[in-house]
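Below: one structure, written as C-alpha cells.
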Amino acid sequence: MPLYREQGVVLRTHKLGEADRIVTMLSRDRGLLRGVAKGVRRTSSKFGARLEPFMVADVQCFEGRSLDTITQAETLGAYGPAISADYDRYRAGSVIVETAERLAEGDPSRPLYELLVGALRTLAAARISPELVRDGYLLRALSIAGWTPGFVDCVRCGAAGPHTAVVVQLGGVVCEDCRTPGSPRLDPGSILLLGALLSGNWDDALQASERERGQAAGIAAAYTQWHLERGLRSFRAPRR
C-alpha cells in the first residue's frame with residue numbers, strides 16, 4: 001500500500017471498536033481525508049491528543065480501499081484545547097469545521113485549507129469575538145467556493161450603492177426597485193460590517209455594535225445555509 005504524508009485540520013472524529021478512532025480531516029492537497037487511527041483511545045497512545053477536532057497536524061498514512069490508516073501525527077497547530085475550553089469559541093469552531101467539511105466535498109482547494117487554519121488560529125487566540133471570526137470565515141469560504149456575496153452595488157441590476165435591503169437568494173444587497181417583499185432591511189453599519197468581514201478587515205469589523213453584529217450574523221448564516229442547500233447542525237447548538 002502506498003505511504004504518504006499530508007498536512008490537515010481535524011474536523012471531527014468518532015469511535016471505532018474499543019481503542020480506534022476514525023478521523024475526518026481537511027487536508028492541504030488531498031481535500032477530505034478519512035483515516036483510522038489505531039489505538040489512539042488507549043491512555044498509552046502517543047498521538048491521540050494530536051488528532052482531536054480543531055488540531056492541525058502533519059500525518060503519515062497508508063492508503064486503504066475505503067479508509068486510510070494514520071500511522072503518525074505531529075502537531076502543527078495546537079488550537080483544539082483553547083477552542084474547546086470556551087463554549088462560545090467551541091460553538092463558533094463547530095460551525096466553521098462543519099462548513100469546511102461541506103465545502104470540501106469537491107476537488108481539493110489549498111485556499112480553503114489555508115483559510116480554515118487561519119480561522120482556527122484566530123479563534124484560539126481569543127482576541128476577536130468568536131462570532132465575528134465565524135461569520136468572517138463563512139463569507140470568505142463561500143467566496144473561495146465561487147459564491148461571492150455583494151454588499152455595495154445592487155446584485156441584480158448593478159445600481160450603485162449603498163443599499164440596505166438584502167436578498168440572500170440573489171447574493172447580497174439590492175436596490176429599492178429590485179427588493180422583493182419580505183426581504184430584510186439592515187442598518188447601514190451592518191452592511192459595512194458584512195463587507196469588512198468579507199475582506200478580512202478586522203479593524204473596521206471590531207468597531208461594529210452588538211446590533212450590527214447580530215444583523216450581520218443572521219445574513220451570514222442564511223447565506224451559508226442557502227448555498228449549502230441544507231442546514232448546519234452546529235447552528236442549532238444552544239447559546240449560553
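The values are calculated or read from the model by the stated rules, or taken from the named source; none is laboratory data. This one's a predicted model, so the numbers in the text were calculated from it and none came from an experiment. Please note: Cβ atoms are built from the backbone with ideal geometry, for glycine as well, and neighbour counts cover all protein chains shown. Ligands, DNA and RNA are stripped out before the accessible areas are found, and what is left, the full protein with its side chains, is counted by its heavy atoms. Shrake-Rupley method; radii C 1.70, N 1.55, O 1.52, S 1.80 Å.
Within the stretch 13-24, is even one residue touching a residue at least 60 places away in the same chain (Cβ under 8 Å) and closer than 16 Å to residue 120 by Cβ?
Of the residues in the stretch 13-24, the ones touching a residue at least 60 places away in the same chain (Cβ under 8 Å) are 24.
Within this subset, residues satisfying the condition of being closer than 16 Å to residue 120 by Cβ are 24.
Within the stretch 13-24, one or more residues are touching a residue at least 60 places away in the same chain (Cβ under 8 Å) and closer than 16 Å to residue 120 by Cβ.
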| field | Matching residues in the stretch 57-83 - criterion: being surrounded by fewer than 16 Cβ atoms within 10 Å (Cβ to Cβ), acidic (Asp, Glu) and either in a strand (DSSP E or B) or at pLDDT 95 or above (or both) | value | 58, 74
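Out of 191, 219, report the one residue that is more than 18 Å from the chain's Cα centre (by Cα) and in a helix (DSSP H, G or I). Break it down into steps so the answer makes sense when it comes.
Values: 219 fails: more than 18 Å from the chain's Cα centre (by Cα).
When all the criteria are applied, what remains is 191.
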| query | Does the stretch 228-235 contain any residue that is without any contact (Cβ under 8 Å) to a residue 24 or more places away in the chain and assigned to a helix (DSSP H, G or I)? | reply | no
| Within the set of pairs 6 or more residues apart or between chains, which connect a residue that is surrounded by fewer than 16 Cβ atoms within 10 Å (Cβ to Cβ) inside the stretch 199-218 to a residue that is in a helix (DSSP H, G or I) and charged (D, E, K, R) with Cβ atoms less than 7 Å apart? | 200/140
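Take the residues of the stretch 131-152 that are of a type in the set (Val, Ile, Thr) and not in a loop (DSSP other than H, G, I, E, B): which is nearest to residue 205 (Cα to Cα)? Lay out the reasoning, then the answer.
First, the residues of the stretch 131-152 that are of a type in the set (Val, Ile, Thr): 133, 144, 148, 152.
Okay, now just the ones that are also not in a loop (DSSP other than H, G, I, E, B), so 133, 144.
Values: 133: 10, 144: 20 Å.
Per the stated criteria, the residue is 133.
Can you tell me which of 117, 155 is open to solvent by 10 Å² or more (accessible area, probe 1.4 Å), assigned to a helix (DSSP H, G or I) and either hydrophobic (A, V, I, L, M, F, W, C) or under 18 Å from residue 58 (Cα atoms) (or both)?
Details: 155 fails: assigned to a helix (DSSP H, G or I).
That would be 117, the only listed residue that is open to solvent by 10 Å² or more (accessible area, probe 1.4 Å), assigned to a helix (DSSP H, G or I) and either hydrophobic (A, V, I, L, M, F, W, C) or under 18 Å from residue 58 (Cα atoms) (or both).
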| query | Limited to the stretch 172-188, what total is found for residues that are open to solvent by less than 50 Å² (accessible area, probe 1.4 Å), more than 26 Å from the chain's Cα centre (by Cα) and of a type in the set (D, E, K, R)? | reply | 0
| query | How many of the residues in the stretch 126-147 are in contact (Cβ under 8 Å) with a residue 24 or more places away in the chain and open to solvent by 10 Å² or more (accessible area, probe 1.4 Å)? | reply | 11
| request: Please find, within the stretch 1-56, the residue that is surrounded by the fewest Cβ atoms within 10 Å (Cβ to Cβ) out of those that are of a type in the set (Ser, Thr, Tyr) and part of a loop (DSSP other than H, G, I, E, B). | output: 43
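If you take the residues of the stretch 222-239 that are over 15 Å from residue 137 (Cα atoms) and of a type in the set (Gly, Ala, Ser), which of them is surrounded by the fewest Cβ atoms within 10 Å (Cβ to Cβ)? Can you show your working first?
Residues of the stretch 222-239 over 15 Å from residue 137 (Cα atoms): 226, 229-231, 233, 236-239.
Right, trim to of a type in the set (Gly, Ala, Ser) and you get 231, 237.
Working: 231: 11, 237: 13.
Filtering first and then ranking leaves 231.
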